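Enquirer: Once you've had a glance at the structure underneath, I'll fire off some questions.
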Amino acid sequence: MTASTTTLAQDALPAVKLDRIPLLLLPVLALAALPLIGSFSTWVTLTFAGLAMGMIIFIIASGLTLVFGLMDVLNFGHGVFITLGAFLAVSVLGRMTGWTESPSLLRNLLAVLPAMAAAMVVAGGVGFAFERLIIRPVYGQPLKQIMITMGGMIVGVELIKVIWGAQAIPLPLPTAFRGSLLFGEAAVEKYRLISVVVGLSVFAVMFWVLSRTKLGLLIRAGVQDREMVESLGYRIGRLFIGVFVAGSALAGLGGVMWGMYQQTITPEMGGQINVLLFIVIIIGGMGSVGGCFIGSLLVGLVANYAGFLAPKVALFSNILLMVIVLMWRPEGLYPVGKR
Amino acid sequence: MIFSRLLSGDLPRSRVLAVVLVAILAGLLLTPFAFPGAKALNVAAKICVFIVLVASFDLLLGYTGIVSFAHTMFFGIGAYGVAIALNRMGPSWSAVALGVVVALLLSLVLSLLIGLFSLRVKAMFYAMITLAVATAFQTFASQLSEFTGGEDGLTFKAPELLSPGFSLSEHPFLGVSLDGRLIAFYLLVAVTLVLFLLMLRIVNSPFGRVLQAIRENAFRAEALGYQTVVYRTCSNVLSAVFATLAGALLALWLRYNGPDTSLSFEIMIDILLMVVIGGMGTLYGSVVGATLFIIVQNYLQDLMKLASEGMSRVPLLRDLLHPDRWLLWLGILFVLSVYRFPTGIVGKLRTKARGNT
């Protein structure tokens, strides 16, 4: 046994086998839903809606799962960054009504992109302060972490209410994002297409950073074994704060997307989505970005299919999905080694 | 000596704390006479209910070291049990009894299941799972609107003895009319006192010591031969049972129950704040925390209104002091207390008292 491993190690590092079964879940689920739904065009619409919702959830949840993987910190206050992003989008877009109401897609994009940028920058900055002030003093104390991040969220939500007021604010879609495209009989809302594109690009960039750069290597190594990375001379603390800021910024971006998806935003929206995020990262395997991606899409698809087939069940579909996945793989789809 | 036995040997151990506790008890007992008006009585009743609720949460969080976000679920089960029974069967004591018993059984089974399934995992996962379960239960309750009245909730009549129409005597006593509300209030105070002393008895028993040992070091407790999962589950079930009773008390007092009064996540956050600010790991902390929080919740707003009007020229400060922002200040207090004095007000007072002697 030992002899064979040493020879292997001398030749080349054994390639990590990609576990493909969870990947198959998505097409299997989608195909299984087709006969139940019956009509092909409805199925296309629902599938797109599910994928769009899943992509937005992924943007929000990816930071949460990485932060947990790196430092065992579960941020119950993650929702604040979502809310913050959405409210910033309202503020920025509100100043650019001339461009959001113009029918030209280019102008709409020129209005939405700065809104997204502002949301990411501010959410990232607030994330930095949040990590320093709220989370840093309680590393390694899970009980306090849960409470302190919860407290941070309460204070954050109240501060958002101080700045923007406590009432719900409408966030209308820019003109060119409204309406839907027809593919044969199937109608697909334009905004959902946009969400899928944005979500896929975020996933692609993140995948590239994590698998092709040294930074990504360090992050992945840190998720696997924090102490080992430290003992090799890398400061995991700095790495962590970088990931935390990036995660907060992504939550801000996700907040903009989610706000436009819902078209109304409230100061409580972040807290309401928290449960969904936890379900997603539990399904994916805490700390795994790939698992988080598949988990998000599964949640999005199941929510939309169930919403069409059995609206009453849809309210619990996420939890049911979590229970089923955990019965199959108790540590989530892609368990992260050390736990 | 009797006194010490009554408190299960767990004396306040601080003169200031003792004075505060006596003041709270006296304040509650004298409310109908000292502070006339419906608002004061309602505030006092709410304090009583929350003392039981927060103490039961402390049993879990402070004594066993488990963070659960499903506590309002059990609170809600108790409240809905009484509400549904009284709403369906009319105002009678047998309806109250049936409602409470069914609610207790439901809480027992649910907490047992949740405990056995998920108390083996880390604190973090338990917090997440309970959050998910509680959210699902809330949706479930509002969906079953035939039984629960949905978002509108249920109104019902309390048994005659407790209803405002009932009168003990024609003549008011010390300027207070002796009606059913007064009886209901004193019944509430008495039940609160009994339940509180019972919980004090539990946490100071050998069983309670094991819970504390698990909180301090679960691995060591296991090594000493205590099955931590069993003890944790017991603690979970006990805490759920007391929360259910608190819910039943609330429903009986309000003669109404809806999702916002007993099930909502806001209440969960309130409880968390009360436990931590008052002091985790000591039941007196829940008394102090609940009393302080509810008084602040009901009266700080008036004070902040004054301050906010005084600051009407300073835009940001005015908004920060807006009466609706009271939770902001309590949230900050909460964050600070987790860092600075994790044992809360009671812990601080006790340390001080120990320092003096």
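Values quoted throughout were computed directly from the atomic coordinates according to the rules given, and no laboratory measurement underlies them. Here the structure is a predicted model, which means the values were calculated and not measured. As a convention, Cβ positions derive from the backbone with ideal geometry for all residues, glycine included, and neighbour counts pool all protein chains shown.
Enquirer: What ranking, highest mean first, results for peptides A:42-55, A:236-249, B:235-248 when packing means the other Cβ atoms within 10 Å averaged over each residue? Working shown, then result.
Expert: Numbers: A:42-55: 22.9, A:236-249: 20.5, B:235-248: 26.9.
Going by the mean number of other Cβ atoms within 10 Å, highest first, we get B:235-248, A:42-55, A:236-249.
Enquirer: Can you compute the equivalent ellipsoid semi-axes for the range A:282-339, i.e. the square root of 5 times each eigenvalue of the Cα gyration tensor, sorted largest first and rounded to whole Å? Don't jump to the answer; show the numbers that get you there.
Expert: Details: eigenvalues 111, 25, 8 Å².
Value: 24, 11, 6 Å, ordered largest first.
Enquirer: Show the residues, 5+ positions off or on another chain, whose built amide H is closer than 5 Å to the amide H of B:LEU154.
Expert: Those qualifying (amide H under 5 Å, at least 5 residues apart or on another chain) are B:ASN257, B:GLY258.
Enquirer: Working from the pairwise distances between different alpha carbons, so that the mean of 1/r is found and then inverted, what is the range B:36-96's Kirkwood radius in Å?
Expert: For the range B:36-96, inverting the mean 1/r across all distinct Cα pairs yields 13.7 Å.
Enquirer: Can you give the alpha-carbon Rg of the range A:185-339 over 2.2 N^0.38 Å, where N counts its residues? Could the numbers behind the result be given before it?
Expert: Numbers: Rg = 17.4 Å, N = 155, 2.2 N^0.38 = 15.0 Å.
Cα Rg divided by the expected 2.2 N^0.38 Å: 1.17.
Enquirer: Shielding of B:322-335 by partners, i.e. mean partner chain Cβ atoms within 10 Å per residue? List each step's numbers first, then the result.
Expert: Values: counts 4, 0, 5, 5, 1, 5, 8, 2, 4, 10, 5, 2, 7, 10.
What the average comes to for B:322-335 is 5.
Enquirer: Right, here's the next one. What net charge is computed for the residues neighbouring B:ARG255, neighbours being all others with C-beta under 13 Å from the C-beta of B:ARG255, Lys and Arg scored +1, Asp and Glu -1?
Expert: Numbers: positive: B:LYS157, B:ARG181; negative: B:GLU160.
In short, +1.
Enquirer: Give me the tail of P(r) for the range A:110-231 as a percent: Cα-Cα pairs with distance above 23 Å.
Expert: On the way: 4402 of 7381 pairs.
Counting every Cα pair in the range A:110-231, those more than 23 Å apart make up 60 percent.
Enquirer: Give me the Debye-computed log₁₀ of I(q)/I(0) at q = 0.20, 0.27 Å⁻¹ for the range B:1-77, equal point scatterers on Cα only, no solvent, two decimals.
Expert: Ignoring solvent entirely, the Cα scatterers give -1.07, -1.16.
Enquirer: Above 25 angstrom, tally the Cα pairs of the range A:6-127 and express them as a % of all pairs, no decimals.
Expert: Values: 4045 of 7381 pairs.
Value for the range A:6-127: 55 percent of Cα pairs lie more than 25 Å apart.
Enquirer: Let me ask you something else. Under a 5 Å amide H to amide H cut-off, with H placed in plane at 1.01 Å, what residues pair with A:MET286 once short-range neighbours are removed?
Expert: Sorted by chain and number, the residues that satisfy this are A:VAL336.
Enquirer: Here's something else I'd like to know. Under a point spin-label approximation (7 Å from Cα along Cα-to-Cβ), what is the B:LEU306-A:VAL121 distance to one decimal in nm?
Expert: Output for this residue pair reads 4.4 nm.
Enquirer: Taking the Cα centre of chain B as origin, work out the dipole magnitude from +1 charges on Lys and Arg Cβ and -1 charges on Asp and Glu Cβ, in debye rounded to 20. Working shown, then result.
Expert: Details: 25 positive and 17 negative charges, 262 e Å.
Value, rounded to 20: 1260 debye.
Enquirer: Compute the relative contact order of the range A:258-330 as a whole-number percentage, counting only Cα pairs closer than 8 Å that sit 6 or more residues apart in sequence.
Expert: Numbers: 43 pairs, mean separation 16.7, N = 73.
Here the relative contact order equals 23 percent.
Enquirer: Inverting the mean 1/r over all pairs of different Cα atoms, compute the Kirkwood radius of the range B:234-357 and quote it in Å.
Expert: Working: mean 1/r = 0.0607 Å⁻¹.
For the range B:234-357, inverting the mean 1/r across all distinct Cα pairs yields 16.5 Å.
Enquirer: Shifting gears a bit: How high is the relative contact order of chain A, given as a whole-number percent (alpha carbon pairs under 8 Å, six or more residues apart)?
Expert: Values: 501 pairs, mean separation 112.8, N = 339.
The normalised contact order for chain A reaches 33 percent.
Enquirer: Sticking with this structure for a sec: Let's see if you can work this out: charge +1 on each Lys and Arg Cβ, -1 on each Asp and Glu Cβ, no other charges. What is the dipole magnitude of the range A:203-339 about its Cα centre, in debye to the nearest 20?
Expert: 280 debye
Enquirer: Let me know the mean shielding of B:258-267 by other chains, meaning the per-residue number of their Cβ atoms within 10 Å of its Cβ. Numbers along the way, then the final one.
Expert: Details: counts 0, 0, 0, 0, 0, 0, 0, 5, 3, 0.
Partner-chain Cβ atoms within 10 Å, mean over residues of B:258-267: 1.
Enquirer: Moving on to the next point. Specify the inter-centroid distance of the range B:225-273 and the range A:253-314, based on alpha-carbon positions, in whole Å.
Expert: The range B:225-273 and the range A:253-314 have Cα centres spaced 28 Å from each other.
Enquirer: Still on this model: Under 25 °C and 0.890 mPa s, how fast does the range A:45-109 diffuse according to Stokes-Einstein, given a Kirkwood radius computed over C-alpha pairs? Answer in µm²/s, whole number. List each step's numbers first, then the result.
Expert: Details: Rh = 14.4 Å.
For the chosen part, D equals 170 µm²/s.
Enquirer: Now a separate question. Let me know the Kirkwood hydrodynamic radius for the range A:160-228, please, with Cα pairs as the basis and the value in Å to one decimal.
Expert: 16.2 Å
Enquirer: Further, regarding this structure: Specify which residue in the list B:LEU154, B:SER142, B:ILE24 is farthest towards the positive end of the charge dipole of the range B:1-160, using unit charges on the beta carbon of Lys, Arg (+1) and Asp, Glu (-1), about the Cα centre.
Expert: B:ILE24
Enquirer: Given the DSSP H assignment, sum -39500 (n - 2.57) over each helix run of at least 4 residues in the protein assembly as shown and divide by its residue total; what's the result at 222 nm in deg cm²/dmol, nearest 500? Numbers along the way, then the final one.
Expert: Values: 33 runs with 508 residues, N = 696.
The per-residue figure over the protein assembly as shown is -24000 deg cm²/dmol.
Enquirer: Using 1/(1 + (r/R0)^6) with R0 = 35 angstrom and r between the beta carbons of B:LEU144 and A:THR42, what's the FRET efficiency to the nearest 0.05? Let's see the in-between values first.
Expert: Numbers: r = 29 Å, r/R0 = 0.83.
Given R0 = 35 Å and the Cβ-Cβ separation, E is 0.75.
Enquirer: Could you list log10 I(q)/I(0) for chain B at q = 0.10, 0.12 Å⁻¹, which the Debye formula gives when each Cα is one point scatterer?
Expert: The Debye formula, applied to the Cα set alone, gives -0.65, -0.93.
Enquirer: Label points 7 Å out from Cα along the Cβ direction at B:ALA190 and B:MET1: separation in nm?
Expert: The answer from the label model is 2.8 nm.
Enquirer: Roughly how many Å is it from the Cα centre of the range B:318-337 to that of the range A:96-126, as a whole number?
Expert: 32 Å
Enquirer: Here is a further query. Around B:ASN298, under 9 Å between beta carbons, what's the net of Lys plus Arg minus Asp minus Glu among the other residues?
Expert: Working: positive: B:LYS39, B:LYS46; negative: B:ASP302.
Here the count lands on +1.
Enquirer: From the phi of every residue in the range A:52-61, what ³J(HN,Hα) in whole Hz does the Karplus formula 6.51 cos²θ - 1.76 cosθ + 1.60 yield, where θ is phi - 60° and glycine or proline is x?
Expert: 4, 4, x, 4, 4, 4, 4, 4, 6, 7
Enquirer: Let me ask something else. Would you kindly work out the equivalent ellipsoid of chain A from its C-alpha gyration tensor and give its semi-axes, the square roots of five times the eigenvalues, largest first in whole Å?
Expert: Listed largest to smallest, the semi-axes of chain A are 33, 27, 19 Å.
Enquirer: Which far-off residues, 5 or more places away or on another chain, put their amide H under 5 Å from the one on A:ILE265, with H placed in the peptide plane?
Expert: A:ILE169, A:LEU171
Enquirer: At what distance in nm do the modelled label points of B:LYS352 and B:VAL230 sit from each other, each positioned 7 Å from its Cα along Cα→Cβ?
Expert: Label-label distance for B:LYS352 and B:VAL230, simple model: 4.3 nm.
Enquirer: Here is a further query. Would you mind checking the pairs A:LYS161/B:LYS46; A:LYS144/A:LYS214; A:LYS161/A:LYS214 and listing those with alpha carbons more than 30 angstrom apart? Provide the component values of the computation, followed by the final result.
Expert: On the way: A:LYS161/B:LYS46 27 Å; A:LYS144/A:LYS214 33 Å; A:LYS161/A:LYS214 41 Å.
Flagged as over cut-off: A:LYS144/A:LYS214; A:LYS161/A:LYS214.
Enquirer: Over the whole of A:139-150, what's the average partner chain Cβ count within 10 Å per residue? Rounded to a whole number, please. Intermediate results must be reported in sequence, preceding the final value.
Expert: On the way: counts 0, 0, 3, 7, 11, 5, 5, 9, 13, 5, 1, 12.
The mean count of partner-chain Cβ atoms within 10 Å per residue comes to 6.
Enquirer: To the nearest 0.05, how large is the calculated FRET efficiency for B:LEU105 and B:LEU29 if R₀ is 45 Å and r is the Cβ-Cβ distance? Working shown, then result.
Expert: Numbers: r = 33 Å, r/R0 = 0.73.
The calculated FRET efficiency here is 0.85.
Enquirer: Taking θ = phi - 60°, what integer Hz values does the Karplus form 6.51 cos²θ - 1.76 cosθ + 1.60 yield along the range A:118-132, in sequence order, with x for Gly and Pro?
Expert: Working through the residues one at a time gives 4, 4, 5, 5, 5, 4, x, x, 5, x, 4, 4, 4, 5, 5 Hz.
Enquirer: Related question: What are the semi-axes of the equivalent ellipsoid for the range B:73-138, taken as the square roots of 5 times the Cα gyration tensor eigenvalues, largest first, in whole Å?
Expert: Values: eigenvalues 175, 26, 8 Å².
After scaling each eigenvalue by five and taking roots: 30, 11, 6 Å.
Enquirer: Calculate one ³J(HN,Hα) per residue across the range A:219-234 by plugging θ = phi - 60° into the Karplus curve 6.51 cos²θ - 1.76 cosθ + 1.60, and present them in order as whole Hz with x for glycine and proline.
Expert: Listing the rounded values in order: 5, 5, 5, x, 5, 5, 7, 5, 4, 5, 4, 5, 5, 7, x, 9 Hz.
Enquirer: Among B:CYS234, A:CYS292, what is the fewest-to-most ranking by other Cβ atoms within 10 Å? Let's see the in-between values first.
Expert: Details: B:CYS234 18, A:CYS292 32.
If I rank by nearby Cβ atoms, fewest first, I get B:CYS234, A:CYS292.
Enquirer: When chain B is treated as a GNM, springs tying every alpha-carbon pair under 10 Å, which of B:SER56, B:SER94, B:SER68 comes out with the largest mean-square fluctuation?
Expert: Evaluated over chain B, the most mobile residue of the options is B:SER94.
Enquirer: A further question on this structure: Quick check for me: using +1 on Lys/Arg Cβ and -1 on Asp/Glu Cβ, what's the dipole size of the protein assembly as shown about its Cα centre, in debye to the nearest 20? Intermediate results must be reported in sequence, preceding the final value.
Expert: Working: 46 positive and 30 negative charges, 310 e Å.
Charge dipole, the protein assembly as shown, about its Cα centre: 1480 debye, nearest 20.
Enquirer: Follow-up question, since we're still on this one. Just the Cα atoms of the range B:156-272, one point each, no solvent: what log10 I(q)/I(0) does Debye give at q = 0.22 Å⁻¹?
Expert: -1.20
Enquirer: Separate question: Given the options B:TYR299, B:TYR284, B:TYR231, which has the most mean-square fluctuation in a GNM of chain B, springs set between C-alpha atoms less than 10 angstrom apart?
Expert: With Cα springs under 10 Å in chain B, the top fluctuation among B:TYR299, B:TYR284, B:TYR231 is at B:TYR299.
Enquirer: Looking at the protein assembly as shown, what % of the alpha carbon pairs are farther apart than 47 Å? The partial results should precede the final answer.
Expert: On the way: 53593 of 241860 pairs.
Of all Cα-Cα pairs in the protein assembly as shown, 22 percent lie more than 47 Å apart.
Enquirer: Would you mind checking the radius of gyration and Dmax of the range A:188-253 based on alpha-carbon positions, in Å?
Expert: For the range A:188-253, the Cα radius of gyration and maximum Cα-Cα distance read 15.1, 51 Å.
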